[in-house]
Structure formats: structure tokens, C-alpha cells
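Worksheet for the structure shown next.
The values are calculated or read from the model by the stated rules, or taken from the named source; none is laboratory data. Just so you know, these numbers come straight off a predicted model, no measurement behind them. Note: ideal-geometry Cβ built from the backbone for every residue, glycine included; neighbour counts use all protein chains shown. Side chains are part of the model used for accessible areas, which takes the heavy atoms of the whole protein and leaves out ligands, DNA and RNA. Shrake-Rupley method; radii C 1.70, N 1.55, O 1.52, S 1.80 Å.
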Amino acid sequence: MTSSPSKNAPHLPPSSAGPHLGSPRSLGRLRQQKSAHQLSSNYSALNGPSLISQQRQQQRITGITQNTPIPPPPVPAIPSPQKHIRARSNSDAVVPHPVNGGPSLKRIQVPKKPIDPKDELRSLIRHGPRSDMPDALQSLRHWILVDGLEADNDGMSDLRIYVWLILLNCPPLSTDIYLNLIRRGPSPAYAKIRNDTHRTLMTNVLFQRRVRENSIIRLLNAVAWKLYDAKSDRLTDSGRITNASNDLGSPELQHASPAIKHAKGASTATNEGSEAGGSEPGIYVQGMNVLCAPFLYTCRTEPQAFIAFYHFITRECPGYIRGAMDGVHKGVALVERCLTVADSRLSAYLTSKGVNAQIYAFASVLTMSACTPPLPEVLLLWDFLFAYGSHLNILCICSQLMMMREELLADPSPGKLLRSFPPLQAKEIIALTVNLVRKIPSDLYEELVHHAE
């Protein structure tokens, strides 16, 4: 039995029948209508009422017909079409005018990045000095003394050979000049050269791995021809007629090869130099093979090594390549005199033991300390010698002796220790040499400068 509806229950019109307003279905429908209204608000403003608006209007008319009071929905505010406004760029910024004559912002310059010393050195090599030449050379010398050339563990540097060429004042050389000297064949000193080249730094692994004996032979042979030509020119200019000039005019040699003619003339000229007591420069002396070794190791090509080595022995130490090597003997004597000034006790002790510089210093003087390993330290030492003068090698030898001072004074036979110097320590030797220069009297230093001429 069903219960009848209550008498007090409100009467609902047919249009209001359906789910309760608080039910999920009703709320979901309201959200859909609200979302659809928001999405089509701009479209309604431009193209008239939407389908949902027309449906609501029809429901409103139906409610009025059925005498059902339905409140009108709130009219949402129609947003005006938004205008896109771009953000202000840096170019839109207003540059203020200078106040009270102050500097304008456009004239302010950003400070430049500091120049790397290595880049500055490359610019000097490639483009030349920006200021006066003496100032640029002084800066280069000071930079070598303070910072040094950058190199790897093997002593290789891509800038070293160019720095050496600058410090030695070597002019550019055409490769054809070097090749023409090679094409002339064996020089008069070829036999002596072949006897020495295989012994050149034979225990140095770095040198043997990079430089071949054929390169040493070609370089020394070309230098011998160059020295021979210079010697022949001096003999011709002085008006002396040698027997070689007479022999070259004989019928037997008129059709001979140029190498035989040069060999014949060179042998006579060399004999005259020997009879004159060795006052004339020779074309090859023992030790030149060791002197050229650092140049071949450092240079990129043989012509580079040739021009650097030739200018070094003819301008820095021509007395070392004379037949009697008088410059070397003067340097050995200066080692003892400078050691007496630098360390009188050590000098007196070596003298009392019968150890003189002729025994321990001759090879180091002749080869500019290149006979003492390791080779990378030799290159560092040569950077210093080329920058401030090769005569400082005498003081470098004294510095090596002073570094061995305690061991020499404690040994009853110091001559045994001095048969071979300990490995070079270029930075320590250079530091001691710079301090030692201040102790040398001016007259002794003057002899030091000119002893190799």
C-alpha cells in the first residue's frame, strides 16, 4: 500500500522536474555551461548570442509561460579584446644626456683584456717591435730572464729558434744558398767532420731521436765551405797570391769539377793558416759538432740551423774556431781568475790539489756548456747566453763549481769529481751568475767580454 503525498508538500511544475540542484549531475551541468560561456564570450561579442545563450532565453520564455519565476542569470562582463604589447628591448632605452658636461654613456669604453706575454712575443716575432728597437730588445731580454721561454719536457718550443735568430741578428737566408753549398760536395775538412759527427751527444736519447748524423755532416760541411769562401776572399783582398791560385790555372784542373778545385785551394789555404801560427780562422775545429747540436735540435729546418750556427761562431766566438783555438784557452784562464774573485777558498783548494781549469773547464768553454746534460737545460742556459752575451758562459762554469763547493772541499781528490760536471740546473746557474757579475771588477769583466774575439 502506497502512501499518499503529504498535503503540505510544495507543488513542482513540470519544467522544474529533474535532479536536485545540489546533486553532482546538476553541478557538472553548471560547470559545463560556465566553461562554454567563458570560451565563447569573445565570439559572442563579435558574432551575436551563442547557442547556449539562445537556449537559456528559450527556457526563460518557457518559465514565464508556465508562471514559474526564474531569476535572470547574471550578465557576465564581456572582456575587451586584449592588445599584444611587446616587452621593451634594450634599443628602446633612452640614453641620458651628459649632465654638467660629464662623459656620455656612449663614450665609455670597456676595459680591454690583458695581453698574454706569449701572444705579445708572437706579435713581436711576426710584426716587429711596436716601439724602438733597443727598447724591444731590452724587453725581450728581461722577459727571458724573468719568465723564460715556454717549452715542453723535451725542451721543444715553437718560439725559441725565432728568438735566437733575433738575438743573434741573423738575416733571412734563401734555401737555395744552403742547397748550393751542399751540392759542392765534400769540403776540405770533410774527413775531420766524419771523424767527429758520430760522437756528437751520442748518449743523449732526445738528440739521437730527433737529429740524424747526416744532418750534422751536411751542416758542418756547408759551414766549412762558407768559412773557406770567406777566407779566400780575405786572401784575395789583401793582395796575397797563394799557390792554390796558380795550381787552379794549370791545364790539369781547367776541366776538373768545382769540388776538386775548391778542395785543392782550401788545402793550400789551410796549410798557410797553420804555418802562420793559427792566426787565421779555420774552417773546422774539434768541438764544432757539439756546438751545432743545439741548433739542429731546436730549428725547424737545416737552413735555419745553418744561418744561426754560422752567425754564432763568426760573430759571438770567432776565437773558438781558429786553428790554435786561442779564444778557448783565454776562456779557460778566465775561469780560474773569476773563480778566485767569486770563491777564493775553493780556488785555492783546487790549486793546492793540482786541479787547474785546463783539466775540468776546457770542454765546457769550447762547447758553451753544451757537453753537460740534460739537453733541455742546455737550451734554457743558451737562452740566457744569447740574451746577455755568450761571454757569460765563463761565469756559468764558475757557478757550477760553486754549486759543488761542499763536495769539492770535502773530497781529498776533487779532480775525480770534476771529470764530468753534474747535470745542469739552468735556473740555479743563471741566478748565481747574475749575482756573480756584480763581484767581477770592471777590468776583468772587460777581458771577459772580448776574450772570444
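Identify, by number, the condition in (1) exposed (fewer than 15 other Cβ atoms within 10 Å of the Cβ); (2) in contact (Cβ under 8 Å) with a residue 12 or more places away in the chain that residue 151 doesn't meet.
Answer for residue 151: the failing condition is (1).
Residue by residue through the range 429-438, note down the ones that are at pLDDT 95 or above and either small (Gly, Ala, Ser) or open to solvent by 90 Å² or more (accessible area, probe 1.4 Å) (or both).
Residue satisfying the conditions is 431 alone.
Quick grid of which residues meet (1) without any contact (Cβ under 8 Å) to a residue 12 or more places away in the chain; (2) part of a loop (DSSP other than H, G, I, E, B); (3) in contact with a Lys or Arg (Cβ under 8 Å, 6 or more places away or on another chain); (4) more than 21 Å from residue 164 (Cβ to Cβ):
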| position | (1), (2), (3), (4) |
| --- | --- |
| 387 | no, no, yes, no |
| 392 | no, no, no, no |
| 448 | no, no, no, yes |
| 452 | no, yes, yes, no |
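Quick one: count up the residues across the range 404-418 that are under 18 Å from residue 436 (Cα atoms) and surrounded by 15 or more Cβ atoms within 10 Å (Cβ to Cβ).
Looking only at that region, the number is 1.
Check residue 421 against each of (1) open to solvent by 20 Å² or more (accessible area, probe 1.4 Å); (2) in contact with a Leu (Cβ under 7 Å, 6 or more places away or on another chain); (3) of a type in the set (Phe, Trp, Tyr) and name the one condition it does not meet.
Among (1) open to solvent by 20 Å² or more (accessible area, probe 1.4 Å); (2) in contact with a Leu (Cβ under 7 Å, 6 or more places away or on another chain); (3) of a type in the set (Phe, Trp, Tyr), residue 421 violates only (2).
Closer than 14 Å to residue 440 by Cβ, in contact (Cβ under 8 Å) with a residue 12 or more places away in the chain and aliphatic (A, V, I, L, M): is that true of residue 397 in this structure? Show your work before the answer.
Working: closer than 14 Å to residue 440 by Cβ: yes; in contact (Cβ under 8 Å) with a residue 12 or more places away in the chain: yes; aliphatic (A, V, I, L, M): yes.
It is true that residue 397 is closer than 14 Å to residue 440 by Cβ, in contact (Cβ under 8 Å) with a residue 12 or more places away in the chain and aliphatic (A, V, I, L, M).
Would you say residue 294 is open to solvent by 10 Å² or more (accessible area, probe 1.4 Å) and either within 31 Å of the chain's Cα centre (by Cα) or of a type in the set (Asp, Glu) (or both)? Outline the logic, then answer.
Numbers: open to solvent by 10 Å² or more (accessible area, probe 1.4 Å): no; either within 31 Å of the chain's Cα centre (by Cα) or of a type in the set (Asp, Glu) (or both): yes.
The answer is no for residue 294.
For residues in the range 195-231 being of a type in the set (D, E, K, R), within 17 Å of residue 285 (Cα to Cα) and touching a residue at least 24 places away in the same chain (Cβ under 8 Å), which is most open to solvent (accessible area, probe 1.4 Å)?
The qualifying residue most open to solvent (accessible area, probe 1.4 Å) is 199.
Only one of (1) open to solvent by less than 40 Å² (accessible area, probe 1.4 Å); (2) under 30 Å from the mean Cα position of the chain (by Cα) fails for residue 321. Which number is that?
Of everything listed in (1) open to solvent by less than 40 Å² (accessible area, probe 1.4 Å); (2) under 30 Å from the mean Cα position of the chain (by Cα), residue 321 misses just condition (2).
Going by what's in this entry, would residue 354 be described as farther than 28 Å from residue 297 by Cβ, open to solvent by less than 50 Å² (accessible area, probe 1.4 Å) and either at pLDDT below 95 or touching a Lys or Arg at 6+ places or on another chain (Cβ under 9 Å) (or both)? I'd like the intermediate steps shown before the answer.
Working: farther than 28 Å from residue 297 by Cβ: yes; open to solvent by less than 50 Å² (accessible area, probe 1.4 Å): no; either at pLDDT below 95 or touching a Lys or Arg at 6+ places or on another chain (Cβ under 9 Å) (or both): yes.
Against the criterion (farther than 28 Å from residue 297 by Cβ, open to solvent by less than 50 Å² (accessible area, probe 1.4 Å) and either at pLDDT below 95 or touching a Lys or Arg at 6+ places or on another chain (Cβ under 9 Å) (or both)), residue 354 does not qualify.
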